[in-house]
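Note sheet for the following structure.
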Protein chains: 2
Amino acid sequence: MISDTLDFFESRRALIARSIEALVPASGAMRGPLERIAEFCGRGKMIRGCLVFLGADSARGRSAAADEGAATTDIGLAAAAMELFQAGLLAHDDIMDRDELRRGAPTIHARYAMEARSRSETTDEALHVGESLAICLGDLCYFEGFAALTRALNGNPRYGEIVGLCASGLGEVAVAQMTDVAWGAGSAEVPEEEILAMYRGKTAHYSFSLPLAVGALAAAGGAAHGVGADIVGRLYELGEKLGVLFQIRDDELGLFGSPESTGKAPGSDLREGKKTLFRSRLLAASPAEEAPRLRALFGGEVETSAKDIDYIRSLSERLGVARSIAEMSRRAGDEARGIVRALPDLAPDTRSVLEGLVEYVTRRER
Amino acid sequence: MISDTLDFFESRRALIARSIEALVPASGAMRGPLERIAEFCGRGKMIRGCLVFLGADSARGRSAAADEGAATTDIGLAAAAMELFQAGLLAHDDIMDRDELRRGAPTIHARYAMEARSRSETTDEALHVGESLAICLGDLCYFEGFAALTRALNGNPRYGEIVGLCASGLGEVAVAQMTDVAWGAGSAEVPEEEILAMYRGKTAHYSFSLPLAVGALAAAGGAAHGVGADIVGRLYELGEKLGVLFQIRDDELGLFGSPESTGKAPGSDLREGKKTLFRSRLLAASPAEEAPRLRALFGGEVETSAKDIDYIRSLSERLGVARSIAEMSRRAGDEARGIVRALPDLAPDTRSVLEGLVEYVTRRER
């Protein structure tokens, strides 16, 4: 049930926020940067961190009590590590995409730049200082993430496996991001299979498979029984399906979502020339006479109006693109539900949260 | 003997280069970025990687044979990890400092920008693409570093301690770098004790204490006997002294070194307004009538000529600043030699390399 999933996320989100806040020291040079990181993480949905709890519950066959104490235990800290990694990637991403707004507030570099400007730097110099500090803050997020993992799990028999998974999952994202930058810079269209590989590398493996697997492996140390490769493998596969569902929805929200609920500037995906599956299929299906308008819109060459968005929507419906992507989403959803159904030894509440998760990633509004 | 140290560095450097090259896959999306990283690392001095070998030899009481096989063993891979971390920090640093030249070749972002420009991007857009790709490549260096550590040492009883040390050492550098950016942006002078704290955080702990300690801890798993906290602690302290010596020499080279041997643009430290100990003491000691010229030079407001550099040199000698810093360097050198003397169970060749290391960091020309 989707409401079970949302309740689960809400309670775990509060635990993770406390885990991250507990990392902020009372004084010293680390305090300022870590306060800023904790504040930034606190404004996020923390899906990845919540998935660590869900992976752990799935592997243990029982739901951990969402009590106060869990905030600083192994699972809470491992979840915090995932959110720190994510914060680092976003801090860097927003520099590359020149985004000024994230989670309904100024991005990390934009805020540092504003502060530098208020110290009477020139606009250009302030932007450079803002970007420089955001690069460092992102780096710090990664290092604090690995430090948190170590505090959480050093001694856990699967600790090395977990660090290795995180390092290689993050490496996959970094390379996918480089491809994304190259795509953004180039004007050539990208084949659909490359877009889908990007969805797997940048979203599915990193955002879904990794935290589910980390949670399952982390639980191996806490529970009396070990966790088999089987359950980790199945959760990893579930993550791939969820990632595709999530990304398809993300692309929809990036085009048609309301800025109030997504916290992003309207049409920002268009402005960035983002190479989405939707764009690829729409451009491929469109008749020649629509091409100039579509290319101008998707190339980010024009200011996007509500009328343009309506035009894209109705064209995608008329050409069957909306339907073909909805069909792809439906199939991935069925496969995900099939994997959840086949997971052994799930507690009933964990099963319900997993089922609701499939609905959530398909239909979320932000 | 300094020649023993240089021989040691040269042989270990070749091993580390092979360890890093072995990380480049034969194909796939990772190949291009990792080739570039290996090429970049290969042009470095690899002091940090060599110190991992030296820390291991110091802890084991014997020198490992510098044979081919060691390139892919635990110590070789741990050394490679240190060089990957360093490559990531440098890729990001050069963006912040707007440096175009590093190790005698274009910096990572400058090279990516050149390539983007050759694909007929505008200059501004090419620079942004270059910086974006260099941010990603730096991130990838960190993640590959932790992945290499895991491959090298997962199973080593001290593995968790090593990952934790690396994460916190790198975190310390990231925060020090933020302070450095803030100092560069501000025009206020910085108290000497804060400069020395920066030297410890950004250079001594990270560049010397950390790799020596990592090597000693890594050797604990390979050797029959364990490695006590004592030897790790002493190497850590030795690293602090070496770091101060290194940084003092670095500041000298940044001002007076020849661009041919340092591979840096002449006067780049002046242009960046770097807050060094030398600068701090010289400004404090100078009579009022020299202040305008000095401030213009150290503020990076003027193009620096050879005459300006001579002026700074002779002023620093006349005012006793050169002598006071040489004295500080001499004291740190004596303390470092004292620590080496007191290290127990050193093999004679390892002792000679450590003694030569103290000389090397004090006198190196690049």
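The values are calculated or read from the model by the stated rules, or taken from the named source; none is laboratory data. The structure displayed is predicted, hence computed values, not measured ones. Here the Cβ positions follow ideal geometry from the backbone for every residue, glycine too, while neighbour counts run over all protein chains shown.
List, please: which pairs have Cβ atoms under 6 Å, are six or more places apart or on different chains, and start with a residue in the stretch A:29-49 that is away from chain B (no Cβ under 11 Å) and assigned to a helix (DSSP H, G or I) and end with one that is polar (S, T, N, Q) and crowded, with 19+ Cβ neighbours inside 10 Å?
Going by the 6 Å Cβ cut-off, the qualifying pairs are A:Arg48/A:Gln86; A:Arg48/A:Ser207.
If the requirement is being under 21 Å from the mean Cα position of the chain (by Cα) and within 27 Å of B:Ala167 (Cα to Cα), which of these qualifies: B:Arg102, B:Arg60?
Sole residue among the options that is under 21 Å from the mean Cα position of the chain (by Cα) and within 27 Å of B:Ala167 (Cα to Cα): B:Arg102.
Which of (1) more than 30 Å from A:Arg279 (Cβ to Cβ); (2) within 7 Å of chain B (Cβ to nearest Cβ) does A:Leu165 not meet, given it meets every other one?
(2)
Can you list residue pairs whose Cβ atoms sit under 6 Å apart, with the first residue in the stretch A:248-259 being over 15 Å from A:Gly333 (Cβ atoms) and the second being β-branched (Val, Ile, Thr) and assigned to a helix (DSSP H, G or I)? Count only pairs 6 or more apart in sequence or on different chains.
Once the first residue is over 15 Å from A:Gly333 (Cβ atoms) and sits in the stretch A:248-259, its partners that are β-branched (Val, Ile, Thr) and assigned to a helix (DSSP H, G or I) give A:Leu253/A:Thr262.
Any residue that is out of contact with any Lys or Arg (no Cβ under 6 Å at 6 or more places or on another chain), within 20 Å of B:Leu133 (Cβ to Cβ) and either facing another protein chain (nearest Cβ under 10 Å) or part of a helix (DSSP H, G or I) (or both) - is there at least one of those in the stretch A:106-121?
yes
Quick one: how many residues across the stretch B:6-22 are surrounded by fewer than 23 Cβ atoms within 10 Å (Cβ to Cβ) and more than 17 Å from the chain's Cα centre (by Cα)?
Adding up the residues that qualify gives 6.
Among the listed residues B:Gly164, B:Gly169, identify the single one that is touching a strand residue (DSSP E or B) at 6+ places or on another chain (Cβ under 8 Å) and either surrounded by fewer than 20 Cβ atoms within 10 Å (Cβ to Cβ) or closer than 15 Å to B:Gly88 by Cα (or both).
Exactly one residue qualifies, and that residue is B:Gly164.
Do any residues in the stretch B:174-185 that are more than 7 Å from every other protein chain (Cβ to nearest Cβ) and closer than 16 Å to A:Tyr142 by Cα have Cβ atoms under 9 Å from those of residues that are part of a helix (DSSP H, G or I) and of a type in the set (D, E, K, R), where the two are at least six apart or on different chains, and which pairs are they?
Hits for this filter: B:Ala176/B:Arg200; B:Ala176/B:Lys202.
Among the numbered criteria (1) within 30 Å of B:Ile231 (Cβ to Cβ); (2) among the hydrophobic types (A, V, I, L, M, F, W, C); (3) surrounded by 24 or more Cβ atoms within 10 Å (Cβ to Cβ); (4) out of contact with any Phe, Trp or Tyr (no Cβ under 6 Å at 6 or more places or on another chain), which one does B:Ala87 miss?
Only one criterion is unmet by B:Ala87, namely (4).
Looking at A:Ala182, A:Ala148, A:Ala176, A:Ala197, which is the one that is in a helix (DSSP H, G or I) and crowded, with 23+ Cβ neighbours inside 10 Å?
Of A:Ala182, A:Ala148, A:Ala176, A:Ala197, the one residue that is in a helix (DSSP H, G or I) and crowded, with 23+ Cβ neighbours inside 10 Å is A:Ala148.
Which of the residues belonging to the stretch A:124-136 are among the aliphatic types (A, V, I, L, M) and either touching a Gly at 6+ places or on another chain (Cβ under 7 Å) or more than 7 Å from chain B (Cβ to nearest Cβ) (or both)?
Residues satisfying the conditions are A:Ala126, A:Leu127, A:Ala134.
Can you list the helices (runs of 4 or more DSSP H) found entirely within the stretch A:250-309 that contain at least 2 residues being closer than 18 Å to A:Gly186 by Cβ?
Hits in the stretch A:250-309: A:268-271, A:277-285, A:291-298.
Is it true that some residue in the stretch B:328-339 is touching a residue at least 60 places away in the same chain (Cβ under 8 Å) and in a loop (DSSP other than H, G, I, E, B)?
No, there is no match, as no residue in the stretch B:328-339 is touching a residue at least 60 places away in the same chain (Cβ under 8 Å) and in a loop (DSSP other than H, G, I, E, B).
For the stretch A:255-267, enumerate the residues that are surrounded by fewer than 20 Cβ atoms within 10 Å (Cβ to Cβ) and modelled with pLDDT of 85 or more.
Across the stretch A:255-267, the qualifying residue is only A:Phe256.
Among the candidates B:Asp74, B:Asp139, B:Asp93, single out the residue that is closer than 22 Å to B:Glu10 by Cα and in contact (Cβ under 8 Å) with a residue 12 or more places away in the chain.
Just a single option satisfies the conditions, and that option is B:Asp74.
Taking B:Asp99 as meeting all but one of (1) more than 8 Å from chain A (Cβ to nearest Cβ); (2) within 22 Å of B:Lys275 (Cβ to Cβ); (3) in a helix (DSSP H, G or I), write down the number of the exception.
In the conditions (1) more than 8 Å from chain A (Cβ to nearest Cβ); (2) within 22 Å of B:Lys275 (Cβ to Cβ); (3) in a helix (DSSP H, G or I), B:Asp99 misses (3) alone.
Might you check whether a residue that is farther than 25 Å from B:Leu34 by Cα, free of Cβ contacts under 8 Å to residues at least 40 places away in the same chain and more than 7 Å from chain A (Cβ to nearest Cβ) occurs anywhere in the stretch B:143-158?
No - not one qualifying residue is present in the stretch B:143-158.
Suppose we filter the stretch A:191-220 for residues that are hydrophobic (A, V, I, L, M, F, W, C) and modelled with pLDDT under 90; how many remain?
Matching residues across the stretch A:191-220 total 2.
With modelled with pLDDT of 90 or more and under 26 Å from B:Ala204 (Cβ atoms) as the only criterion, which of B:Glu115, B:Glu144, B:Glu100, B:Glu131 stands out?
B:Glu144
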